[in-house]
Every structure is written in C-alpha cells, then in structure tokens.
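Only one structure is covered here, and it is reproduced in the block below.
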Amino acid sequence: MLSQNDCIVVVNDAMRNMNSHGFHERRRYPRMKIAVPVELKTDSASCPLRATTTELSLCGFYVETMFTLPIGTELSVVFWVDDQKLTAKGVVATHYPQVGNGVDIIEMSSADRVSLDHFCQKHDSSS
C-alpha cells in the first residue's frame, strides 16, 4: 500500500515530463516556434506541397496546411535553412484535417542534421 508521501513522489515524477498543456512530452528534442520553408513530396505526387513550419526540432516539425496528409504517409522533405538546402525522409505522425500535420524525421544525413542543429541552437539562443 502506498503512503501519502509515496503518492506525492509518484505524482511529482509523472509531472516532470508534462508540457505546459498537461500532456506528457514524448519528443526527444523540444520543438521551437520557427518558420522555415519546407517542401513535402510523396512518391505518388508529381509536385511537392510547399509550406512553412510553425514548429521545428531535430526530430520533427509541424506545418499548417489545408491539404493534410494521412498518418503514416512517407515523405521526401526539403528544408531551406539559412539559404542552405537540407534533405530528409519523414513520416506523417499527426493529422488534423484542414489544419496541419506533424512530421517525424526518420532519416537525414549527418551533415544536414548538424546544420539543422546549429540553426535550432542559434534560434533558441536568440529568443
């Protein structure tokens, strides 16, 4: 049986991983409010969907778009960061119809990941 003190410890441990909205944070890296031009292309599309990120991290991003993609859709991703083209493979992780998509970055070259990390650190220190 748990004592009152044990319950307080359990609650405190659980709250450490909660974000400001009371949800458990599952991301490996914090997302920052950064607007970056991005192109998303599926294998079946003849041209990419062009959008701008509203949030960005080393492992994912969110884009607001009326033309959302279903969860699980695999994407070729091109970011434009400081006039540098970064490429990645991604998969749609969240889907809010006519609002936007959350995308997980599942593959990216080491050089592009370092460039993205430097960009995120620069943005984080300037905010």
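Among the conditions (1) surrounded by fewer than 17 Cβ atoms within 10 Å (Cβ to Cβ); (2) at pLDDT below 95; (3) closer than 20 Å to Lys89 by Cα; (4) not acidic (Asp, Glu), the only one that Gly22 does not satisfy is (3).
Out of region 85-127, which residues are among the small types (Gly, Ala, Ser), more than 17 Å from Leu75 (Cβ to Cβ) and either surrounded by 13 or more Cβ atoms within 10 Å (Cβ to Cβ) or within 13 Å of the chain's Cα centre (by Cα) (or both)? Reasoning before the result, please.
Here is the first cut: in region 85-127, the ones among the small types (Gly, Ala, Ser) are 88, 90, 93, 100, 102, 109-111, 115, 125-127.
Add one more test, that the residue is more than 17 Å from Leu75 (Cβ to Cβ), and what stays is 110-111, 115, 125-127.
Ser115 - this is the single residue of region 85-127 that is among the small types (Gly, Ala, Ser), more than 17 Å from Leu75 (Cβ to Cβ) and either surrounded by 13 or more Cβ atoms within 10 Å (Cβ to Cβ) or within 13 Å of the chain's Cα centre (by Cα) (or both).
Taking the residues in region 31-56 that are surrounded by fewer than 20 Cβ atoms within 10 Å (Cβ to Cβ) and among the polar types (S, T, N, Q) as candidates, determine which candidate is farthest from the chain's Cα centre (by Cα). Selected residue: Ser46. For region 73-84, residues that are small (Gly, Ala, Ser) and surrounded by 20 or more Cβ atoms within 10 Å (Cβ to Cβ) total 0.
The values are calculated or read from the model by the stated rules, or taken from the named source; none is laboratory data. Keep in mind it's a predicted model, so treat the numbers as computed, not measured. Note that each Cβ is placed from the backbone with ideal geometry, even for glycine, and that neighbours are counted across all protein chains shown.
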